[in-house]
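K.L.:
Take this structure, written in structure tokens, and hold onto it; I'll ask about it next.
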Amino acid sequence: YEKSLEYYEEGLKQHADDVMCRNGAGLAYLRLNQLDKAAEQFEAGIALAPNDFVLHNSLGMIHLSRKHHQEALKSFLRALEIKPNSPSPLFNAGYCYYQMEQYDEALAYFEQLCNTSPGHTDYWYFSGQIYCKRGAYQEAIKRFRRAYELDSSNVERYGAIFDAFLGVGDCEEAYRFAMELVPKVADWALLYKFGIRLCLDAIQRGLEVFKSRVLFFDQRLCELEPEWRNVYGYALRLAVAKRHEECEQVLGQYIETHPAEVEAYLTRADCRCEAEAYELVEQDYNTVGELLQVETAENEAQRFDLSLRRGQLCRLKKDTESALSWFAKALSVTKDSTLQAQAYFERGRCYLSLGNVKGLLEEFQRAYESDHTKQLDCLKIAQFQASHDNYELAMLVCGVVQAKKEAAEYARKTWQQDGGNERAAYRLINYLIEEEQYEDAKQVALQMVEKRTPMLWAFEWLLVTVYERLGQSEEVIRQYERVISLCRSDSSLNLSVSHLSASYRLGRELVLKGRSAEAKPYLKEAVEHGVKEVDCFVLLCKVLVSEGTEQSIAEAKGVCEAGLVLFAGDEGLLALRDAIQAANDRYQQEQQ
């Protein structure tokens, strides 16, 4: 281009009005990416020959290079006014619309070109791209195939054909096309990346045959680009295919040339672990330990990973105590909550193998609190336990990781399996209440009440909630009376928070029913024994004042003052104190 530019410039010195020379110089500048000089030549040429479509088309290419699409489009459309149906400005106008994402207009130009000049690959390729964007993959495939037949050398465009094949789910046809390309572009790494992507997509669709086919593309890619990410993918898929010897060989070759790659040793250890070659696994872990001797922030995650893996190896070897020790060490080397969740989960699994349910639940709860996504791993453990009819443990695991629906389902199965299981019944009733299945909740609670279990008072309490939700106020009152009676007969519950809460709530219900005289002893019991509900003090004061005697008003004043000590500055009690004083004044006046 530099040489051609010299000739054009020399020609312009002799013939400044030569339009062809102007256009040639402009194109040379364009190829050299000197856009300003190129534009000068085209504009000068247009001034000399305003109806030269070539110059308008060339000026449009300058605007297009600058991404000035509207100006470019004006130039291309002007060229078409001068010479309609000319292929170059037709394509350029279509491409301009394509860049502006005005696909209907772009397609009209490309389709016209495909009909009038079918021998050019670009027309078919870009019309195929538009069909692909619209989701019309079959139509896109036809155009991509035609573009490929016209020019198979433009390998960068093969990816569009793969996308179209995958769009219609035709993995087999995409695979045949890939294998057709292999002998033609055997040294092109991107082809094998396309092949890997194709196979992984097919595997997700459930096409098992692609699990072996992907290994061909993996192998070829590793030969061309032996980078760790490519080797890792190949080794991982070999391990999944149970081809452990090949997996170890691939990783061994990589380790020979990259002896400090920690991930390679760890991946090989995983492969050896699958093959139950635990001594070799230990060797790889020792090597990694030596590589990670320098304790820097950069390898904190790797040191955590190594400790975690050592713990997992010990667990596989049924050395649970050593496993717990390694997991504790893993926790000590990181403050990352996501990493810590992994260690807590593994510790929970150890306690499971020891039959230590308390330890299991504590560790699973910590795992969930550190990283909520660990809920899924914990649920898998619960599902496994449930598959062996251990519904109670499954229920408890789901409970600590806040999987309420699953916990309720296992609670139901536990209760069906063992009708006397209090924990299962209690969880099930709460779930049924949550789901507004009050009649079902009532039936389960009543059955547990009939059994007179140690948690009897708890089921009586749940019945209170059920009757409240059902709007059965008389049943609510009777239920509170039963709860209070139970609490009084049990020294561990007598005057407990539950007892006093029931007294207060029963008093409130009775007041709402206009049965203040009946409410009074319950409210007094709650206040005198330390209930922490300001409303209870307010209700008792109002009941006492309503009696209208000098003694009751004085008693109300004492209750109000006691309440203000507990709930300093409470506006309701302050207003009530004034009201009590006013009631006392009225009483004194009446007496006089």
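The values are calculated or read from the model by the stated rules, or taken from the named source; none is laboratory data. In this text, all values refer to a predicted model and were calculated from it rather than measured experimentally. Here Cβ is always computed from backbone atoms with ideal geometry, including for glycine, and neighbour counts include all displayed protein chains. Only protein heavy atoms, including side chains, enter the accessible area calculation; ligands, DNA and RNA are left aside. Shrake-Rupley method; radii C 1.70, N 1.55, O 1.52, S 1.80 Å.
K.L.:
What does the accessible area per residue of the chain come to in Å², with a 1.4 Å probe and no ligands, DNA or RNA counted?
P.N.:
51 Å²
K.L.:
Work through the residues other than Ala394 whose Cβ is under 10 Å from its Cβ and net out their charges, Lys, Arg +1 and Asp, Glu -1.
P.N.:
-3
K.L.:
Each residue of the range 100-113 in order: what ³J(HN,Hα) in whole Hz does its phi give by Karplus 6.51 cos²θ - 1.76 cosθ + 1.60, θ = phi - 60°, with x for Gly and Pro?
P.N.:
8, 6, 9, 6, 5, 5, 4, 4, 4, 5, 5, 5, 4, 5
K.L.:
If you don't mind, another one. For the chain, what is the charge dipole size about the Cα centre, in debye to the nearest 20, if Lys and Arg each add +1 at the Cβ and Asp and Glu each add -1 at the Cβ?
P.N.:
Computed charge dipole of the chain: roughly 880 debye.
K.L.:
Can you find, among Ala235, Val444, Ser58, the residue farthest towards the positive end of the dipole of the chain? Put +1 on the C-beta of Lys and Arg, -1 on that of Asp and Glu.
P.N.:
Positive-most Cα among the choices belongs to Val444.
K.L.:
Just in the range 412-457: which GluC sites (Glu not before Pro) are loop by DSSP and have at most 13 other Cβ atoms within 10 Å?
P.N.:
Of the GluC sites (Glu not before Pro), the ones in loops of the range 412-457 whose Cβ has at most 13 other Cβ atoms within 10 Å are Glu435, Glu436.
K.L.:
Ordered by residue, what ³J(HN,Hα) values in Hz, to whole numbers, does the range 403-417 give under the Karplus form 6.51 cos²θ - 1.76 cosθ + 1.60, where θ = phi - 60° and Gly and Pro are x?
P.N.:
8, 5, 5, 5, 4, 5, 5, 5, 5, 4, 5, 5, 5, 5, 6
K.L.:
Another one. How about Lys524: which lysines have a C-alpha closer than 16 Å to its C-alpha, ignoring those fewer than 8 places off in the same chain?
P.N.:
Qualifying lysines at Cα under 16 Å: Lys532, Lys542, Lys557.
K.L.:
Considering only protein heavy atoms and a 1.4 Å probe, what is the carbon-and-sulfur percentage of the accessible area of the range 381-509?
P.N.:
Ligands and nucleic acids excluded, carbon and sulfur reach 43 percent.
K.L.:
How large is ³J(HN,Hα), in whole Hz, for each residue of the range 361-372 in order, when computed from phi with the Karplus curve 6.51 cos²θ - 1.76 cosθ + 1.60 and θ = phi - 60°, using x for Gly and Pro?
P.N.:
5, 5, 5, 5, 5, 5, 4, 5, 5, 6, 7, 4
K.L.:
Sticking with this structure for a sec: What is the sum of charges, Lys and Arg at +1 and Asp and Glu at -1, for the other residues whose Cβ falls under 14 Å from the Cβ of Arg310?
P.N.:
Computed value for this residue: -2.
K.L.:
With a point put 7 Å past each Cα toward its Cβ, work out how far Ala328 is from Asn286 in nm, to one decimal.
P.N.:
2.5 nm
K.L.:
What does the helix-only formula give at 222 nm for the chain: each DSSP H stretch with n ≥ 4 adding -39500 (n - 2.57), the total divided by the residues, and the result rounded to the nearest 500 deg cm²/dmol?
P.N.:
When only DSSP H runs of four or more count, the value is -25500 deg cm²/dmol.
K.L.:
DSSP loop trypsin sites (Lys or Arg not before Pro) in the range 37-104 with at most 15 other Cβ atoms within 10 Å of their Cβ, which ones?
P.N.:
Arg66, Lys67
K.L.:
Any idea what % of Cα-Cα pairs in the range 287-353 are farther than 16 Å?
P.N.:
Roughly 41 percent, rounded to a whole number.
K.L.:
Oh, and also: Please give the net charge around Gly420, taking every other residue with its beta carbon less than 14 angstrom from that of Gly420, where Lys and Arg add +1 and Asp and Glu add -1.
P.N.:
-1
K.L.:
Could you please state how large a percent of the accessible area of the range 91-145 is carbon and sulfur, counting protein chains only and using a 1.4 Å probe?
P.N.:
C and S atoms contribute 44 percent here.
K.L.:
Then there's this: Here are labelled values, (1) 1.65; (2) 1.38; (3) 1.80, and one is the computed Cα Rg over 2.2 N^0.38 Å for what I pasted. Which one?
P.N.:
Read-out taken from this structure: (1).
K.L.:
Distance between Cα centroids, the range 372-424 to the range 49-66: provide it in whole Å.
P.N.:
Result: 73 Å between the Cα centres.
K.L.:
Another question, if that's okay. I'd like the trypsin sites (Lys or Arg not before Pro) in the range 180-238 restricted to DSSP loop residues with at most 12 other Cβ atoms within 10 Å, sorted by number.
P.N.:
Of the trypsin sites (Lys or Arg not before Pro), the ones in loops of the range 180-238 whose Cβ has at most 12 other Cβ atoms within 10 Å are Lys184, Arg205.
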